[in-house]
Amino acid sequence: MSKRILHVVTNVAQYEDDDRPTGLWLGELTHAYDEFEKQNYIQDIVSPQGGVSPLEPKALGRFVADASVIKRKNDASFMKLLENTKKPSEINWQDYDVIYYTGGHGVMWDFLDNRELQEITKNIYENGGIVSSVCHGYCGLLNVRLSNGNYLIKDKKITGFAWCEEVLAGVAKKVPYNAEQISKERGAHYEKKLIPFAPNVVRDGNLITGQNPFSARITAEAVIEALNSK
């Protein structure tokens, strides 16, 4: 039976209290989607509210958007998926082997405290599924608690967009919190590459996380390896 992947994307189109546009960093979805598609996995896309997932303009820039991004952006059927994402209430967690949280700064506002997605994530994890994220996607993991009351990331090795990368991106004063610091406060063993924006993936059992936009493909590859080893 084919494996099933649940991608999580944002609904947030701009920074709170700021007109700076944001949204899904498209490559963080397409790079993983491509790899999972090669394995003939079934893939669905959910967002906190359902419906449209806006795109981060910076991710579509000339020197950022690669062949994967351009191909998907020009694929009307694929873009329709991002215009009609599922709501968490439409998701049966039992159907999925993996949940994969994508990034883009918008997720900092709508991933952190979404109880429905937290419940889906907890259930997938506690039933032997894989929980994964890339870049800011780990914001969706920061407040997930397991049935025993502990944070899912407690005592786990993880990575995600580093605070130094926020500073270098010029948005440290615009984001609502320091995700790296919160992960440490939750008891996670946060890891990052010495060189900012270098690809990096960290696996701790069934928890697989990528550091930045350039880590999506290797994160997906790590997920595939984990599924194949089951």
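Farthest towards the positive end of the charge dipole of the chain, among the residues Ala188, Val175, Ile120, is the Cα of Ala188, using unit charges on the Cβ of Lys, Arg, Asp and Glu. Counted over the range 123-229, the DSSP beta bridges are approximately 45% antiparallel. What residue among Lys73, Lys38, Lys122 shows peak mean-square fluctuation when the chain is described by a Gaussian network model with Cα springs under 10 Å? Top of the fluctuation ranking is Lys38.
Along the chain, the longest continuous region that contains none of the GluC sites (Glu not before Pro) in a DSSP loop with at most 16 other C-beta atoms within 10 Å is 17-190. Share of antiparallel DSSP beta bridges in the chain, in percent to the nearest 5? Restricted to the chain, the bridges split so that about 25 percent are antiparallel.
GNM remark for the chain: springs join alpha carbons under 10 Å apart, and the peak mean-square fluctuation among Leu146, Leu194, Leu112 falls on Leu194. Near Gly23, the amide H atoms lying under 5 Å from its own belong to Glu56, His105, Gly106; only residues 5 or more places off or on other chains count, and H is placed 1.01 Å from N.
Normalised by the number of residues in the chain, the average gap of Cα pairs under 8 Å and 6 or more apart makes the relative contact order 21 percent. Between Leu168, Leu55, Leu207, find the one with the highest GNM mean-square fluctuation for the chain; connect C-alpha pairs within less than 10 Å. Ranking Leu168, Leu55, Leu207 by mean-square fluctuation puts Leu168 first. Anisotropy class assigned to the range 1-115 is oblate, per the alpha carbon gyration tensor with a/c at or over the 1.5 cut-off and a/b no larger than b/c. Which of rounded, prolate or oblate describes the range 152-230 when judged by the alpha-carbon gyration tensor and an a/c cut-off of 1.5? Here the range 152-230 falls in the oblate category.
No value in this document is a laboratory result; all are computed from the given coordinates. As the structure is a computational prediction, the values presented were derived from the model and not from experiment. Quick reminder, even Gly has a Cβ in these numbers, built from the backbone with ideal geometry, and neighbours come from all protein chains shown.
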